[in-house]
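Student: Pasting in a structure now, in structure tokens, and then I'll have a few things to ask.
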Amino acid sequence: MSLNLASTIKLSDGRAIPQLGLGVYLSKGKEGEVAMQHAFKNGYRHLDGAQWYRNEAEMGRAFHASGLKREDVWITTKVTNHGYEKTLRSVDESLAVAKLDYYDLFLLHSPNPGRELRLEAWRGLIDAQKAGKVKSIGVSNYGVHHIQELLEKYPNNLPVVNQIEYSPFFQRNEIVRECLKHDIKIQSYSPLGKGAFVDLPELKQIADVHKKTPSQLLIRYVLQKGHIVIPKSVTPSRIEENADVYDFELSGQEIAKLDALETGSGVTWDPTKAP
Ligand SMILES: NC(=O)c1ccc[n+]([C@@H]2O[C@H](COP(=O)([O-])OP(=O)(O)OC[C@H]3O[C@@H](n4cnc5c(N)ncnc54)[C@H](OP(=O)(O)O)[C@@H]3O)[C@@H](O)[C@H]2O)c1
């Protein structure tokens, strides 16, 4: 499998998202901005932010300082406020805060506020996309029943991605199967278990064979599964380490060993079962 840092995944709307991105939850202020700039200098072309992280301004400043062309960078954010008007208003706010003309991807951060509000929020994102304020639209933390709701109500405007917690320890098979059936790509968040997995001996054993770290192993695992992955770090050496995952390949047997680590639970919130 010939993957590299420029590898992209083709979305159902025809656009190509860089398969590896930098997660920026808790990357704030000068530290966050410098980390994002460091990522751009080291070949990352994709940032994953959210209104809730309160660092869209940092994402915008890091991009503007990078000297990169807008079309060569992928910037994602997520809407917290649900409902139609609130969503439209918050898209404008997110653009203003980051000083951007458009976002590449806007996600509904979670299905939490209930059916009516999330469907109205989805209509808001469809209209923001029509207005050119956001190029692609998707969801996050959607369970199978939330995806089915969109299939019923907006069969011609399905999300291009569902961003969920995903790692060998929490593989979300049902959700993944349902999404892929409808060409909704999976974005893996917390691929390192928020740092909890980076020293586990069962990972180190396999990583050592390849002279790699457990973090690199976990990221490579998601890449070989064909999903998008957004590890977070504000540490320059780790930002580089997490992108240095293209000079080795996991065998089928190693992937199977990692698959066997499934625990059925994750390390953070799980709104996928919300009514
Ligand atoms: N949609 C959602 O609901 C949702 C939820 C959670 C996360 N996310 C997105 O997914 C991104 C990633 O998930 P996450 O931030 O929860 O966790 P993560 O990427 O699994 O782990 C990040 C943690 O691991 C540490 N780390 C990173 N690289 C490392 C390495 N090579 N060696 C050792 N430690 C390392 C980081 O420390 P330092 O930063 O100190 O280096 C940080 O503490 C988020 O930033 C966010 O963009 C989305």
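The values are calculated or read from the model by the stated rules, or taken from the named source; none is laboratory data. Values in this document were obtained by computation on a predicted structure and should not be read as measured data. Ideal geometry is used to build each Cβ from the backbone, glycine not excepted, and the neighbour counts take in all protein chains shown. Ligands, DNA and RNA are excluded from the accessible area calculation, which covers all protein heavy atoms including side chains. Shrake-Rupley method; radii C 1.70, N 1.55, O 1.52, S 1.80 Å.
Student: Does any residue of the stretch 141-153 turn out to be under 27 Å from H109 (Cα atoms), assigned to a helix (DSSP H, G or I) and within 13 Å of the ligand (Cβ to nearest atom)?
Tutor: Checking the stretch 141-153: not a single residue is under 27 Å from H109 (Cα atoms), assigned to a helix (DSSP H, G or I) and within 13 Å of the ligand (Cβ to nearest atom).
Student: Another question, then. For the structure I just gave you, tell me whether I255 is in a strand (DSSP E or B), in contact with a helix residue (DSSP H, G or I) (Cβ under 9 Å, 6 or more places away or on another chain) and more than 11 Å from the ligand (Cβ to nearest atom).
Tutor: Criteria not met by I255.
Student: Please state which of the following conditions F106 fails to meet, knowing it meets all the rest: (1) in contact with a Leu (Cβ under 8 Å, 6 or more places away or on another chain); (2) open to solvent by 30 Å² or more (accessible area, probe 1.4 Å).
Tutor: Unmet for F106, out of (1) in contact with a Leu (Cβ under 8 Å, 6 or more places away or on another chain); (2) open to solvent by 30 Å² or more (accessible area, probe 1.4 Å): (2).
Student: Next up: Condition first: more than 11 Å from the ligand (Cβ to nearest atom), touching a residue at least 40 places away in the same chain (Cβ under 8 Å) and not hydroxyl-bearing (S, T, Y). Now tell me which residues in the stretch 211-240 satisfy that.
Tutor: Passing the criteria: L223, Q224, G226, H227.
Student: Cβ-Cβ below 7 Å, separation at least six or inter-chain, first residue in the stretch 44-58 and touching a residue at least 40 places away in the same chain (Cβ under 8 Å) and under 12 Å from E33 (Cβ atoms), second open to solvent by 10 Å² or more (accessible area, probe 1.4 Å) and more than 7 Å from the ligand (Cβ to nearest atom): which pairs?
Tutor: Filtered contacts from the stretch 44-58: E56/V97; A57/V97.
Student: Looking for something within 25 Å of T76 (Cα to Cα), open to solvent by 10 Å² or more (accessible area, probe 1.4 Å) and aromatic (F, W, Y) - is there at least one such residue anywhere in the stretch 242-261?
Tutor: Within the stretch 242-261, one or more residues are within 25 Å of T76 (Cα to Cα), open to solvent by 10 Å² or more (accessible area, probe 1.4 Å) and aromatic (F, W, Y).
Student: For the stretch 181-195, give me each residue that is touching a residue at least 12 places away in the same chain (Cβ under 8 Å) and either within 17 Å of W74 (Cβ to Cβ) or within 8 Å of the ligand (Cβ to nearest atom) (or both).
Tutor: Answer for the stretch 181-195, where residues must be touching a residue at least 12 places away in the same chain (Cβ under 8 Å) and either within 17 Å of W74 (Cβ to Cβ) or within 8 Å of the ligand (Cβ to nearest atom) (or both): K185, I186, Q187, S188, Y189, S190, P191, L192, G193, K194.
Student: If I go through the stretch 4-52 residue by residue, how many of them are among the small types (G, A, S), out of contact with any Ser or Thr (no Cβ under 9 Å at 6 or more places or on another chain) and open to solvent by less than 10 Å² (accessible area, probe 1.4 Å)?
Tutor: 1
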